[in-house]
1. Please count, across the chain, the pairs of lysine residues with Cα atoms under 26 Å apart that sit 8 or more places apart or on different chains.
2. Cut-off is 10 Å between beta-carbons; in what order do E87, E102 appear when sorted fewest neighbours first?
3. Any idea how far apart E68 and T6 come out in nm if each label point goes 7 Å out from Cα toward Cβ?
4. With runs of 4+ DSSP H residues as the only contributors, calculate the mean residue ellipticity of the chain at 222 nm using -39,500 (n - 2.57) per run, divided by the residue total and rounded to the nearest 500.
5. Between V112 and D22, what is 0.36 nm times their sequence separation minus the Cα-Cα distance? Round to one decimal in nm.
6. So how tilted is helix 180-191 from the main axis of the chain? Cα-based, degrees 0 to 90, rounded to 10.
7. Of (i) 12.8; (ii) 19.5; (iii) 17.2, which is the value of mean projected area of the Cα convex hull in nm² derived from the coordinates here?
8. Going by a ≥ b ≥ c, the root eigenvalues of the Cα gyration tensor, does segment 232-284 fall in the rounded group (a/c under 1.5), the prolate group (a/b larger than b/c) or the oblate group?
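What follows draws every value from the coordinates through simple rules; no lab data is involved. Just so it is clear, the model here is predicted, and its values are computed rather than measured. Reconstructed Cβ throughout: ideal geometry from the backbone, glycine too, with neighbour counts over all protein chains shown.
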Amino acid sequence: MAEAVTPGLVVVDKPAGMTSHDVVGRTRRLLGTRKVGHAGTLDPMATGVLVLGVGRATRLLGHLTLSEKSYDATIRLGARTTTDDAEGDVVTATSAEAVTDERVRAVLADFVGDLDQVPSAVSAIKVDGRRAYDRVRAGEDVTLDARPVTVHELTVASVTPPGEVVDVEISLRCSSGTYVRAIARDLGAALGVGGHLTALRRTTVGPFTLAAASDLEEPVVTPIATAARTAFPAVDLDVAQATDVRFGRKLDLDLPELSALFAPDGEFLALYRPDGGRARAVAVFAS
C-alpha cells in the first residue's frame, strides 16, 4: 500500500518561540500525516536547522550521524540568569565596564578543544527518570555532572565596547551534546561578571545545512533515497544482492561503516553495518 506522503527528510529552519515538538505538530498538519518525528531538539529561543523524518523515513532518524553541529550565538556579559539564556530571570547583574575585547577573546580561546562541560541545569538531561528542566521548574536545585564535549572551532565575530553589558557574537563548530548556553555561563563566570545567551542559531547538523533548510510553512520533503545518499555512505548493489537485502540477508560486502544500500534502479533498500568482514542488516526500508 502506497504511503500517503512521500517518505523522506525535511530540513526546517525553525523559528524562535517554538519547541521542536511544536514544529513536528505543525509539519504533521501541513503534510497531512501523523508520521513525523525529529532528530534532536532545539530550545524554543533557538532558530535554525532541525531535521525531521516523514513516513518510513522516521526510522532513519535514530541512525543519522549528527555528531557535529555548528551555531551562531550572541552572549551577553554582565548578567547571569536562572536558565543561562534570555528566557530566565536575572539572578545577578555586574557591570561589564572592565571587560575588554582582548580579554574576551583570550578567555574564549580556552573553550576550544576537548572539554569537561557541566550542562545547563535546565537541559533535557534526565535525572532519576525526570528531565532536569522539569526538576528546576518544580523548585529543585539541580546540579549535573560534567560531560566530555569537543569544541572544534570557535571564532569571535564581534565584541561591543565595554559598558554595563557587553555583547559577544560567536560562531562555533562542536560535538553533539555541547551546550552553548553553558559556554555563555562559563565565559561570564571566568570574567567575573556573569553571562547568558541571548540568541542562538544552528547553522548545520551533520551533513544538513541552513542553506538546504525550508521555511516551516512550506516544508520540502527530500525523498528517502536522496536523503539516505546525503546522510550515509552509499553502496549500489547488483540484482542478486538487492534480492538478498529485501529479505534482510547478510551480504559478502566489506563495509567501512554504517551504509545505505541501493537497488540497481536507485531504490533505497536498507541500512547495513560491518559484521566480521560481511555486512548485516540494521534496518530494511524496501517497500
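1. The number of close lysine pairs in the chain is 6.
2. Ordered by Cβ neighbours within 10 Å, fewest first: E102, E87.
3. Distance between label points: 2.9 nm.
4. -5500 deg cm²/dmol
5. Stretched fully, the V112-D22 segment lengthens by 29.1 nm.
6. That helix lies at roughly 30 degrees to the long axis.
7. (iii)
8. Since a/c reaches 1.5 and a/b is larger than b/c, the shape of segment 232-284 is classed as prolate.
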